[in-house]
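What follows is a short report on a single structure.
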Amino acid sequence: MGTKPLMVKNLLRIFLVAGSFAFTAMPGLADTIRGVGFGDSLMAGYQLGPNQSFADQLEAALKEEGYDIEIANAGVSGDTTSAGLSRLDWSVPDDTDFVILELGANDALRGISPDLSRKNLDTMIAHLKEKGIDVILAGMLAPPNMGEDYAAGFNPIFPELAAKYDLPLYPFFLDGVAAQPDKQLEDGMHPNDKGVATMVERFLPLMKDYLEGRDG
């Protein structure tokens, strides 16, 4: 091979490498949006198969809509708001863009003081916002058997925290699934894969509004 063709080949290689570096170094270009679904068994996908959890199905639905997004599943079955608070830092990486905060169902089932639930959720939201991580709040309602007094203390927690911190709020995470046997496991509490699909379908507009707002 002559000297001139070799020089041309080497120059071409340099241009290709430089162009590739410039492309990847441009800020905001093809950046994957990173989210974490932080919650309890309703987020974790209790007794469901691979890729059937809420976080997995929501990620898949958003990718079908054209979003470059990853949603890690940080759901732990049985978690209360106190347990969530204790593991928040090691469950949510610093490079996370947003967290879907879904906790409180186990507090209500156990009759934990709504004041404590509110305090824990408030502390988690404030801490995430201090780190520059957006919070999308998934609300919960107290089970009817807990009585009207408990519901009066528990149910307002989520809309009031959403108003306090100006957060996107999905009022009731189990909307469309609660009291629907065909969308629940045999325990009558947790969603089956069909139930999760319903939850994702109903949650999707809120997520799309949030994601479009990020670009605005």
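The values are calculated or read from the model by the stated rules, or taken from the named source; none is laboratory data. These figures come from a predicted structure and were not determined experimentally. Note that we place each Cβ from the backbone using ideal geometry, even for glycine, and neighbour counts take in every protein chain shown. Side chains are part of the model used for accessible areas, which takes the heavy atoms of the whole protein and leaves out ligands, DNA and RNA. Shrake-Rupley method; radii C 1.70, N 1.55, O 1.52, S 1.80 Å.
Count of segment 181-216 residues, restricted to those that are open to solvent by less than 80 Å² (accessible area, probe 1.4 Å) and either basic (K, R) or in a loop (DSSP other than H, G, I, E, B) (or both), is 7.
All conditions but one from (1) hydroxyl-bearing (S, T, Y); (2) under 26 Å from R214 (Cα atoms); (3) over 20 Å from the mean Cα position of the chain (by Cα) apply to Y150; the one that does not is (2).
Could you identify the single residue in S86, S20 that is hydroxyl-bearing (S, T, Y), modelled with pLDDT under 95 and either open to solvent by 50 Å² or more (accessible area, probe 1.4 Å) or more than 30 Å from G153 (Cα to Cα) (or both)? Show your work before the answer.
Values: S86 fails: modelled with pLDDT under 95.
That would be S20, the only listed residue that is hydroxyl-bearing (S, T, Y), modelled with pLDDT under 95 and either open to solvent by 50 Å² or more (accessible area, probe 1.4 Å) or more than 30 Å from G153 (Cα to Cα) (or both).
Within segment 28-46, the set of residues being in a loop (DSSP other than H, G, I, E, B), open to solvent by 20 Å² or more (accessible area, probe 1.4 Å) and either under 18 Å from D89 (Cα atoms) or at pLDDT below 95 (or both) comprises G28, L29, A30, D31.
Is one or more of the residues making up segment 44-59 touching a Ser or Thr at 6+ places or on another chain (Cβ under 8 Å) and on the phi < 0 side of the Ramachandran plot? Break it down into steps so the answer makes sense when it comes.
If we filter segment 44-59 for residues that are touching a Ser or Thr at 6+ places or on another chain (Cβ under 8 Å), which is where we start, we get 44-46.
Cutting the leftovers down to on the phi < 0 side of the Ramachandran plot gives us 44, 46.
Scanning segment 44-59 turns up at least one residue that is touching a Ser or Thr at 6+ places or on another chain (Cβ under 8 Å) and on the phi < 0 side of the Ramachandran plot.
Residues in segment 90-104 that are touching a residue at least 24 places away in the same chain (Cβ under 8 Å) and surrounded by fewer than 15 Cβ atoms within 10 Å (Cβ to Cβ): P93, D94, D95. Tell me, please, whether a residue that is over 19 Å from the mean Cα position of the chain (by Cα), exposed (fewer than 15 other Cβ atoms within 10 Å of the Cβ), in a helix (DSSP H, G or I) and at negative phi can be found in segment 119-142. So far as segment 119-142 goes, no, none of its residues is over 19 Å from the mean Cα position of the chain (by Cα), exposed (fewer than 15 other Cβ atoms within 10 Å of the Cβ), in a helix (DSSP H, G or I) and at negative phi.
Of the residues making up segment 105-116, those that are closer than 8 Å to T80 by Cβ and buried (at least 16 other Cβ atoms within 10 Å of the Cβ) are N106, D107, I112. For segment 47-60, name all the residues that are surrounded by fewer than 18 Cβ atoms within 10 Å (Cβ to Cβ) and not in a loop (DSSP other than H, G, I, E, B). Answer for segment 47-60, where residues must be surrounded by fewer than 18 Cβ atoms within 10 Å (Cβ to Cβ) and not in a loop (DSSP other than H, G, I, E, B): just A60.
Of the residues making up segment 163-178, one or more are part of a strand (DSSP E or B), open to solvent by less than 40 Å² (accessible area, probe 1.4 Å) and touching a residue at least 24 places away in the same chain (Cβ under 8 Å).
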